[in-house]
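Derivation of every value follows stated rules applied to the coordinates shown; laboratory data play no part. What you see is a predicted model; the values in this text were computed from it and never measured. Here the Cβ is made from the backbone with ideal geometry for all residues, glycine too, and neighbour counts use every protein chain on show.
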Amino acid sequence: MALVLIVDDSPTDVHVMQKALQEHGFRTVSAADGGEALRMARELHPDLILMDIVMPGVNGFQATRALANDPQTKSIPVIMVSSKSQESDRVWGMRQGAVDYIVKPVVSDQLVRKAQAALAG
């Protein structure tokens with residue numbers, strides 16, 4: 001059973017993603033900002049990280065870049081999940097090390113499909 005770290009400062013968005021993933025057999029944990037996400041990624045080494053972009057403190061772009069550059073966490077796939085829908089945001093997210101990009105509001109089926117694809121490599 002894969003462990004997914006959901007990083008988002010919106011409790012509502014975290015709940016929606018947790019519910020969709022847990023219904024498909026994923027285990028989930030959450031962090032409210034990029035700094036907490038970095039600590040949890042090193043400690044728990046989740047199988048996948050879902051990363052919001054706009055958060056207080058360390059934003060999602062910064063956290064994804066830090067994860068990708070850390071030998072301890074660089075093998076963990078990151079999917080950006082954000083309300084930022086511009087193509088430039090998606091491209092920048094991928095350049096930071098993300099493997100995929102989902103625009104909010106999250107569609108449960110799409111989230112589960114993309115999570116499964118990222119875990120499959």
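Observations
- For ASN69, the criteria (1) of a type outside the set (Lys, Arg); (2) over 14 Å from ALA32 (Cα atoms); (3) in contact with a strand residue (DSSP E or B) (Cβ under 7 Å, 6 or more places away or on another chain) hold in every case but one, which is (3).
- Members of region 55-98 found to be acidic (Asp, Glu) and either touching a residue at least 40 places away in the same chain (Cβ under 8 Å) or within 16 Å of LYS114 (Cβ to Cβ) (or both), listed by number: none
- Residues of region 40-74 that are hydrophobic (A, V, I, L, M, F, W, C) and farther than 11 Å from GLY97 by Cα: MET40, ALA41, LEU44, LEU48, ILE49, LEU50, MET51, ILE53, VAL54, MET55, VAL58.
- For region 100-120, a residue qualifies if it is outside any helix (DSSP H, G or I) and closer than 15 Å to ASP13 by Cα, and the qualifying residues are ILE102, VAL103, LYS104, PRO105, VAL106, VAL107.
- Beta carbons closer than 6 Å, at least 6 apart along the sequence or on distinct chains, pair a first residue in region 1-18 that is free of Cβ contacts under 8 Å to residues at least 40 places away in the same chain with a second that is buried (at least 19 other Cβ atoms within 10 Å of the Cβ) for VAL14/ILE6; VAL14/ASP8; VAL14/SER30; GLN18/THR28.
- One residue alone among VAL91, VAL106, VAL78, VAL58 is of a type in the set (A, V, I, L, M, F, W, C) and either touching a Pro at 6+ places or on another chain (Cβ under 6 Å) or over 16 Å from LEU5 (Cβ atoms) (or both), and that residue is VAL91.
- Tally of residues being closer than 15 Å to LEU119 by Cβ and surrounded by fewer than 19 Cβ atoms within 10 Å (Cβ to Cβ) across region 23-54: 5
- Qualifying positions in region 84-99 - assigned to a loop (DSSP other than H, G, I, E, B), in contact with a strand residue (DSSP E or B) (Cβ under 7 Å, 6 or more places away or on another chain) and on the phi < 0 side of the Ramachandran plot: SER85, ALA98, VAL99
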